[in-house]
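What follows is one structure encoded as structure tokens, with my remarks underneath.
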Amino acid sequence: MKSERREYGKVLVFAVLFATLALGVSVGCASGTTHYVNPGESIQAAVDAADPGDTIIVRDGIYSENINVDEQLTIQSENGSENCIIQAANSNYPVFAITADCVNIKGFTVEGATGSTGIRLSTVDHCTITNIITLNNTVGIQLYASSYNYISNSSISNNDDGIYLFHLNNYNTLTNNKVSNNYNGIYLYYSGNNDISNNDISNNYWRGIYLVSSSLYNSISNNNISNNFCGIRFCLLYTSPSPRD
């Protein structure tokens, strides 16, 4: 009888443990909600209404906004960057200001922040910026004190600085981007351990890649760097420049 009770107890404990694990897996893997934004509607309103882990899909059109993203979201166009254009409503603020980790921005044309930045990541990690066109901003994409972010497959042109890593940005990957017709193509300031690879960096007015006090373990490989006034320049600077927004 005692043996039967022990065996029953083992089965009961296993059943409770299995149910608990199954419930945990179910909750942990729940997918987020998908929100759609149509022309004439507000992307910011969709961001404010979303919960962490949600996806916002923006349909084709031209939007005039400055968007603050302060929670983990995926924001993407429905049909690619050429069909979905976001212009800065206020040219002195970023079009996208990202202040949360694990944000994904995909497939937009971002323009008109003539006194600021197309996309700015501030003290965030593990964000992904892909398939973006940035043009006619003071800075196309700027990182500030941000690490382990991924910028790829984007066209960055006609900005003062194309991609600007300003102060303590580490372990970021910049790959497969076309960076052209900017004043500086890619500009690193006090940033290390970044991977700059497989980019086309050409026809920038001043420097293709400019590293200021950033000689610590940055990897520059397999880039096409051509027709810039200066291809790659390393410099030590003891007075800090300013962020560009």
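The values are calculated or read from the model by the stated rules, or taken from the named source; none is laboratory data. Just so we're clear, the structure is a prediction, and the values are computed from it rather than from any experiment. Please note: Cβ atoms are built from the backbone with ideal geometry, for glycine as well, and neighbour counts cover all protein chains shown. Surface areas here come from the heavy atoms of the whole protein model, side chains and all, with no ligands, DNA or RNA. Shrake-Rupley method; radii C 1.70, N 1.55, O 1.52, S 1.80 Å.
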**OP:** Run down Ser191, Ser197, Ser152, Ser157 and say which single residue is touching a Lys or Arg at 6+ places or on another chain (Cβ under 9 Å) and either within 22 Å of Thr99 (Cβ to Cβ) or polar (S, T, N, Q) (or both).
**Re:** Ser157
Subject >> Any chance Thr173 is among the hydroxyl-bearing types (Ser, Thr, Tyr), in contact (Cβ under 8 Å) with a residue 12 or more places away in the chain, open to solvent by 10 Å² or more (accessible area, probe 1.4 Å) and within 22 Å of Gly53 (Cβ to Cβ) >> reply: no
**OP:** Would you kindly identify the strands (runs of 3 or more DSSP E) lying entirely within segment 85-124 that contain at least 3 residues that are farther than 21 Å from His167 by Cβ and under 11 Å from the mean Cα position of the chain (by Cα)?
**Re:** 104-106
Original post:
If Pro94 satisfies every condition in (1) crowded, with 18+ Cβ neighbours inside 10 Å; (2) under 17 Å from Asn131 (Cα atoms) but one, which is the exception?
Top reply: (2)
Subject >> Any pair with Cβ under 7 angstrom, 6 or more apart, that starts in segment 128-151 at a residue that is surrounded by fewer than 19 Cβ atoms within 10 Å (Cβ to Cβ) and ends at one that is hydrophobic (A, V, I, L, M, F, W, C) >> reply: Ala145/Leu168
Subject >> Those residues of segment 176-194 which are within 17 Å of the chain's Cα centre (by Cα) and open to solvent by 10 Å² or more (accessible area, probe 1.4 Å), in sequence order >> reply: Asn176, Lys178, Tyr187
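For segment 202-212, enumerate the residues that are touching a strand residue (DSSP E or B) at 6+ places or on another chain (Cβ under 7 Å) and not β-branched (Val, Ile, Thr).
Filtering segment 202-212 for residues touching a strand residue (DSSP E or B) at 6+ places or on another chain (Cβ under 7 Å) gives 202-204, 206-212.
Result: Ser202, Asn203, Asn204, Trp206, Arg207, Gly208, Tyr210, Leu211.
Scan segment 182-205 and give yes if some residue there is in contact (Cβ under 8 Å) with a residue 24 or more places away in the chain, farther than 24 Å from Ala113 by Cβ, in contact with a Leu (Cβ under 8 Å, 6 or more places away or on another chain) and assigned to a loop (DSSP other than H, G, I, E, B), otherwise no.
We begin by selecting, within segment 182-205, every residue in contact (Cβ under 8 Å) with a residue 24 or more places away in the chain; these are 182-205.
Among the residues that remain, those that are also farther than 24 Å from Ala113 by Cβ are: 192-193, 195, 197-198.
Within this subset, residues satisfying the condition of being in contact with a Leu (Cβ under 8 Å, 6 or more places away or on another chain) are 192-193, 195, 197.
When the remaining residues are screened for being assigned to a loop (DSSP other than H, G, I, E, B), the result is 192-193.
Yes, there is a match, as at least one residue in segment 182-205 is in contact (Cβ under 8 Å) with a residue 24 or more places away in the chain, farther than 24 Å from Ala113 by Cβ, in contact with a Leu (Cβ under 8 Å, 6 or more places away or on another chain) and assigned to a loop (DSSP other than H, G, I, E, B).
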